[in-house]
Amino acid sequence: MTPPEPSLLGRVAGAVTGRVVDAVPAEVILDHVDLDALLDRVDVNHLLDRVDVNRLLDRIDVDRLLARADVNALLSDVELEQLVRRAGIPDIVAETTGNIAGRTLDVARRQVVGVDTVLAGVVGRILPRAGGAPTGPPALVAASTSAASATGRYAGAVSRLLALALDVAVVIGTYSAGTLLVGYLLDFLLGVRVEDLPELAATLLLITWGAAYFTVSTAISGRTIGKAVVGLRVVTRLGSPVGPGASLLRVLLLPLSTSFLGLGALLIVVRRDRRGLHDLLVGTCVVYDWGDRPAELPGPLAAYLQAHGA
């Protein structure tokens, strides 16, 4: 069945409409259209209800779409380094790494403090003395300090010996590295060989460097590298920071504690305030100080001391 032919009126109307549309610019028509009013008449919810999302997704060929996507080109436009920095990932990694390293170091420190405490207890049994033992300088240790806390308490012989061993290693290591560097420069620039230096002069240089290392470190922060690792700090007997003069005098008097079979250093084990001969002469002492973290005893030992009122 053939469709009916359009009437004469329909043909005329179509021709006129076509000529009008061709004659009127599209911009003029759009200028007269109120888009806000038009959008207000659109029921978005009704429109979305009529959309079959599942059917629409079924018609999408995901594999073909991904095959046409240039991943390398997309990634080339992404500033990965800037993106990582804006996300704060470097700060998170640094903070996490620092916390893990700090906690690991604190575990080792607790064991050393525990050994100091046990050694002090053994000495106290062998050499019983009347009265309570002082725990630390008055300015650093409060009367209500718990048994688990070690911050501000007098450091024991094991901790101090371990810190001294680390400092000796640092002094020898830095002196050796400095000697190699200076020796290379002197040989290259002046043709002078460090190996020709008398042994006495080399020994005096090593002693001078060691004295400067201990003096400057103690005067600036109250601790050397070894003491910082172990968690110790040098203060006055009242708990205040040590000045440059006292730091130098303490280093100069240190040989008195190590000479005569170490009798001066033995005072660190015997005395209840754990001060050596050089500490007594200068008026200093060494206390536990872990910086921004509290110095603590091992959990079982702290519980034992608290249960026995120690």
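Only the coordinates and a few stated rules stand behind these numbers; no lab work does. Quick caveat, the model's predicted, so the values are computed rather than measured. Counting neighbours? That spans all protein chains shown, and the Cβs are built from the backbone with ideal geometry, glycine included.
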Next item on the list: Arrange the following residues from fewest to most other Cβ atoms within 10 Å of their Cβ: Trp209, Trp290.
Entry: Trp209, Trp290
Next item on the list: Multiply the residue separation of Leu186 and Leu47 by 0.36 nm, subtract the distance between their alpha-carbon atoms, and state the gained length in nm to one decimal.
Entry: 41.3 nm
Next item on the list: Read phi for every residue in region 40-57 and hand back ³J(HN,Hα) as whole Hz from Karplus 6.51 cos²θ - 1.76 cosθ + 1.60, θ = phi - 60°, with x for Gly and Pro.
Entry: 5, 7, 8, 8, 5, 4, 5, 5, 5, 5, 7, 8, 8, 5, 4, 5, 5, 5
Next item on the list: Considering Cα pairs under 8 angstrom that are at least six residues apart, work out the relative contact order of region 157-236 and quote it in whole percent.
Entry: 43
Check: Separation between the Val107 and Val62 pseudo-spin-labels, each 7 Å from Cα along Cα→Cβ, expressed in nm?
Finding: 4.4
Item checked: Long-range HN-HN contacts of Glu296 with modeled amide H, under 5 Å -> Ala150
Notebook entry, point to check: Simple spin-label model, 7 Å along Cα-to-Cβ: Asp31 to Val122 in nm?
Noted result: 10.2
Item checked: Extension gain (nm, one decimal) between Ile172 and Val270, 0.36 nm per residue minus Cα-Cα -> 32.3 nm
Check: Sequence-distant or interchain residues sharing an amide H contact under 5 Å with Leu232, placed H: which?
Finding: Asp289
Item checked: Simple spin-label estimate for Ile225 and Val71 in nanometres, 7 Å along Cα-Cβ -> 4.7
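Assigning unit charges at the beta carbon (Lys, Arg +1; Asp, Glu -1) and nothing else, what dipole magnitude in debye, to the nearest 20, does region 220-310 show about its Cα centre?
Using Cβ point charges on Lys, Arg, Asp and Glu, region 220-310 gives about 140 debye.
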Check: Rounded to the nearest whole Å³, what is the per residue volume of the convex hull around the Cα atoms of region 132-262?
Finding: 133
Next item on the list: Report, by chain and number, residues whose modeled amide H sits under 5 Å from the one on Gly136, excluding near sequence neighbours (fewer than 5 apart, same chain).
Entry: Tyr154
Checklist line | Gain in span if fully extended, Leu252 to Leu281, counting 0.36 nm per residue against the direct Cα distance | finding: 9.3 nm
